[in-house]
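Quick notes on the structure that follows.
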Amino acid sequence: MGNKKDKPAVVGGNDDLAQPNALAGVKDLLKECKKELFDSRERLNRVMAIKNEGIWDWNLKSNLTSFDDIYYSMAGYEPQGFPQDFNSWKERVHPDDQPLAESAINGYLSGQSEMFDVEFRFRRKDDSWMWIQGLGKIVEWDEKGNPVRMMGTHTDITRRRIAEDALRDSEKKHRQLFETMSSGVIYQDIEGHITSANPAAEKILGLNFENMRGRTSKDPRWRMISEEGACVPDLEHPAMIALATGKRVGPVIRGVYIPEKGQYIWIYITAIPVYQPEETKPSQVYAIFDDITQRKRDQDALKDGRKRMAGILQGTNAGTWEWNVQTGEIIYNERWAEIIGYTLEEISPVSTKTFEMFCNPDDLKAANIKLKRHFNREIDYYESESRMMHKDGHWVWVVDRGKVVTWSNDGEPLMMMGTHQDITEKKLAEEHIALLAQMVDIAPGAITVHDFNGNTFYANQRAFEMHGYTKEELMVLNLKDIETPESAELIKPRMKVVIDKGETSFEVMHRRKDGTTFPGHVHIKKIEWEGKPAILSITLDLTEKKEAEERHDKLQAQFNQAQKMESVGRLAGGVAHDFNNMLNVIMGHAELTLIQIKPEDPLHESIEEIMKAAKRSADLTRQLLAFARKQTISPRVIDLNSTIEGTLKMLRRIIGEDIELIWKPENNLWPVMIDPSQMDQILANLCVNARDAINSGGKIIIETDKVFFDEDYCIIHDGLPPGKYVLFSVSDNGCGMNQETMSHLFEPFFTTKKTGAGTGLGLATVYGAVKQNNGYINVYSEPSVGTTVRIYLPGIADKDMSEARENISEPVTGGNEVILLVEDEPAILRLTRRMLEGMGYTVISAGSPGEAISVARGYPGNIDLLITDVVMPEMNGRELAKNILSLYPDIKRLYMSGYTADVIAYHGVLDEGVHFIQKPFMIKDFAAKIREILLKKQ
């Protein structure tokens with residue numbers, strides 16, 4: 001009766017227990033029972049652990065619960081961490097499942113079920129949920145038959161429940177797919193009876209499921225034909241073949257007669273057998289099919305039109321293709337294969353892979369992108385240019401054009417047709433045109449095409465660059481927008497020439513976008529452009545050419561001026577040479593005469609006048625030599641600022657008190673290499689010229705600065721080497737000069753001063769001195785404004801700027817040394833010998849180098865000094881000195897010349913230790929020079 005039970009009978013009594021033997025036997029029995037019970041429990045625990053089942057024990061009276069180790073492990077608890085009361089256990093049951101669990105317990109306890117059996121979710125220690133199957137029974141009653149103890153198991157069924165849920169979800173999705181898919185689906189049993197059909201099948205066949213249930217392929221109401229129209233026997237229906245063979249059939253195209261519609265429909269059908277687990281024969285079959293009736297009609301229409309199109313396409317020499325997009329079937333004509341050098345038979349069987357196999361991989365990607373866009377109806381038709389590999393190994397350019405001609409009701413492409421045209425020659429022509437376009441773009445001239453009204457049709461890249469416009473800007477401009485107003489007037493008559501004669505050339509000024517102009521050489525020709533008369537114009541930018549011409553003219557003028565100055569210099573130098581020789585004789589005899597006569601002698605005054613005139617003439621020849629750069633100099637490293645400051649007092653005396661002299665030095669100048677006496681000469685000449693240009697009360701400004709000339713500047717400035725230069729300038733606010741005067745500025749004897757006010761050699765001397773020191777001179781002047789003379793001398797690296805102190809000369813005396821004197825001019829030879837003998841020297845004279853060598857070789861004693869002219873017949877002074885040195889290694893040398901020291905000095909610059917005296921010279925200067933040489937240590 002329910003879960004109540006009669007009390008169990010009590011076995012035995014007190015008498016039995018009192019017997020000792022019986023008690024010992026009971027103890028042994030109990031011991032064996034305990035052992036057996038322990039072993040049984042161990043076996044049970046192992047089995048329960050394998051089954052993942054935990055045991056629970058519930059005292060219904062105390063409401064306490066206990067669990068075994070497997071239970072704790074399954075729930076993730078430690079024994080001591082799990083409360084031992086029923087209510088705590090119940091709290092771990094999922095809230096949604098608690099009513100179900102309580103109902104199951106109550107139902108069992110009230111006798112409504114034979115066993116407690118329920119499935120619920122139980123919370124683990126980590127708060128995750130597991131599915132539990134709870135089973136249990138009452139195992140103990142009280143004396144009244146009420147249940148007091150209940151035991152059972154909890155089994156972890158989480159995996160099973162997850163699998164069941166997934167199965168239910170799968171079945172649900174399958175049913176949804178079955179009900180909603182667009183393709184018709186029919187299930188048939190092993191005998192071919194229809195057992196199920198989805199709504200799509202009902203729609204396609206025009207029947208509801210009740211009209212189809214139980215039908216088989218043998219039903220006379222079903223009639224099936226092949227794609228070609230032949231009757232299909234019952235057993236050859238796709239579903240029946242699949243049941244018979246156990247293999248998939250299709251997809252195939254079949255026509256099915258629908259009596260209710262009274263017509264055939266065309267379906268695209270596949271039959272698939274279904275097997276039960278561990279069975280070798282199908283238990284049922286299902287058929288999937290789509291209605292392709294409209295597509296079949298379209299295909300038939302296409303087939304009818306195909307023959308008509310074949311003749312037309314033959315005339316286009318194009319390959320053709322037809323593609324069933326759904327089945328992948330493709331048809332090429334013979335011309336398609338011929339384009340790539342094959343016959344159709346050679347590339348058969350054909351498919352979409354055929355095109356992919358021959359197409360260039362890069363072009364194939366682009367073709368697929370365009371095809372996808374057409375399938376998505378983003379473009380109306382498909383067109384792609386691709387390279388195809390020809391049979392002989394070269395690429396053939398083709399253009400593929402096609403269009404989907406049949407779409408499904410769902411918007412999917414079904415049938416596509418197109419052509420395959422060989423465009424290799426066209427592509428080659430395009431490449432040539434592109435190459436010509438590149439050549440036109442890199443052409444040096446601007447090439448444009450415009451109509452007779454000046455509207456632009458075409459312009460090359462150089463045209464945009466030349467005028468400073470972008471392509472978009474230039475193409476909307478009229479020709480007059482890039483011409484100056486003067487050019488527009490010039491072009492008008494030229495256009496008439498083009499119309500009459502076809503072409504012409506001229507120079508014109510063009511205007512850039514920024515407003516600047518440039519000269520251009522334009523050649524225009526009448527042409528046709530897109531069937532209309534037009535003008536082809538080629539413009540060359542003449543800016544560089546014009547600048548080059550200007551540079552050339554300037555350099556030519558500089559060259560002509562340099563040639564003129566060189567010619568004048570050679571003339572002046574030659575005159576000075578001969579003149580110095582004569583002056584040497586005049587001054588020497590005059591000086592000797594003055595020594596011999598007393599001051600009160602009537603001739604003394606006349607001889608002094610002769611000496612004065614000779615000295616002025618000597619100064620004149622020195623200026624000529626300075627201009628001709630034949631003056632022998634001794635340059636030193638100097639600080640230009642210090643040198644100029646040392647002359648300022650002298651310069652102020654020269655220019656007078658009524659003119660202000662302003663000195664503006666630049667600090668930290670680079671040192672320069674120049675003869676200080678030349679520097680004094682340059683400053684004196686420039687300041688005298690500036691003084692003479694100022695009427696009264698003016699200013700003369702002397703300035704210094706540092707400058708650097710690059711290669712571009714030096715190219716157009718007289719071939720000046722690039723580098724650093726020290727500038728000093730002399731400026732005045734005098735009357736200035738015009739261009740005509742400046743063109744003759746450095747010519748010797750050219751002067752604008754009144755007769756007798758100047759020799760015309762001042763600036764010529766400055767010019768020669770500057771050039772001799774590798775410098776550059778520039779003069780800027782404006783009438784009534786003033787003149788600035790700028791002189792640039794090469795700067796050099798810093799050196800010891802301390803200048804050698806001047807030797808304090810002892811009183812000029814003669815000596816008793818032996819001197820070898822060589823001079824080819826007899827008058828000078830006699831005069832010089834007389835001077836030397838008058839100083840106390842022993843003189844050996846010779847009129848030629850050969851005589852000198854002969855005399856020296858035969859002289860018995862020592863010769864202390866060789867004094868020789870520089871330019872002589874047979875050999876020059878340097879060569880003579882070498883010969884004499886071979887005879888007298890310790891002999892000292894003094895060179896003299898009235899022309900140049902080039903033989904012994906490089907460009908007139910003496911090497912250290914080389915001694916030279918310029919003709920004409922005074923006796924005291926000559927004597928001092930000789931003593932200086934003889935007293936100097938070797």
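The values are calculated or read from the model by the stated rules, or taken from the named source; none is laboratory data. From a predicted model like this one, the values you see are computed outputs, not experimental measurements. Note that each Cβ is placed from the backbone with ideal geometry, even for glycine, and that neighbours are counted across all protein chains shown. Remember, those area values only see protein heavy atoms, side chains included, never the ligands or the DNA or RNA. Shrake-Rupley method; radii C 1.70, N 1.55, O 1.52, S 1.80 Å.
A few remarks follow.
- Computed lengthening from LYS532 to GLU472, 0.36 nm per intervening residue step minus Cα-Cα distance: 19.3 nm
- Surface accessible to a 1.4 Å probe, per residue, for the residues of segment 317-429, Å²: 54 Å²
- Cross-link pairs exceeding 24 Å in C-alpha to C-alpha distance, out of LYS615/LYS892; LYS90/LYS125; LYS90/LYS137; LYS303/LYS427, comprise LYS615/LYS892; LYS303/LYS427.
- Alpha-carbon centroids, segment 487-524 and segment 245-293: separation in whole Å: 84 Å
- With one equal scatterer per alpha carbon and no solvent term, the Debye-computed log10 I(q)/I(0) for segment 317-429 at 0.11, 0.12, 0.21 1/Å reads -0.34, -0.40, -1.22.
- Note that segment 443-531, at 4 °C in a medium of 1.567 mPa s, gets a Stokes-Einstein diffusion coefficient of 97 µm²/s from its Kirkwood radius over C-alpha pairs.
- Counting protein heavy atoms only, segment 177-299 has 52 percent of its accessible area on carbon and sulfur, 1.4 angstrom probe.
- Among beta bridges from DSSP that stay inside segment 818-935, the antiparallel ones total about 10%.
- Percent accessible area from carbon and sulfur atoms, segment 99-140, protein chains only, probe 1.4 Å: 45 percent
- Calculated FRET efficiency, SER696 to ALA488, Cβ-Cβ distance, R0 = 41 Å: about 0.15 to the nearest 0.05.
- Alpha-carbon centroid distance for the pair segment 111-183 / segment 648-717, whole angstrom: 119 Å
- Per residue, segment 443-531 exposes 56 Å² of solvent-accessible protein surface, assessed with a 1.4 angstrom probe and all protein chains in place.
- Per residue, segment 177-299 exposes 52 Å² of accessible surface when a 1.4 Å probe is rolled over the protein heavy atoms with every protein chain present.
- Carbon plus sulfur fraction of accessible area for segment 317-429, probe 1.4 Å, in percent: 50 percent
- For the peptides 726-735, 139-148, residues were scored by their other Cβ atoms within 10 Å and the scores averaged per peptide; the highest-first order is 726-735, 139-148.
- Cα gyration tensor category, rounded, prolate or oblate, for segment 177-299 with a/c compared to 1.5: prolate
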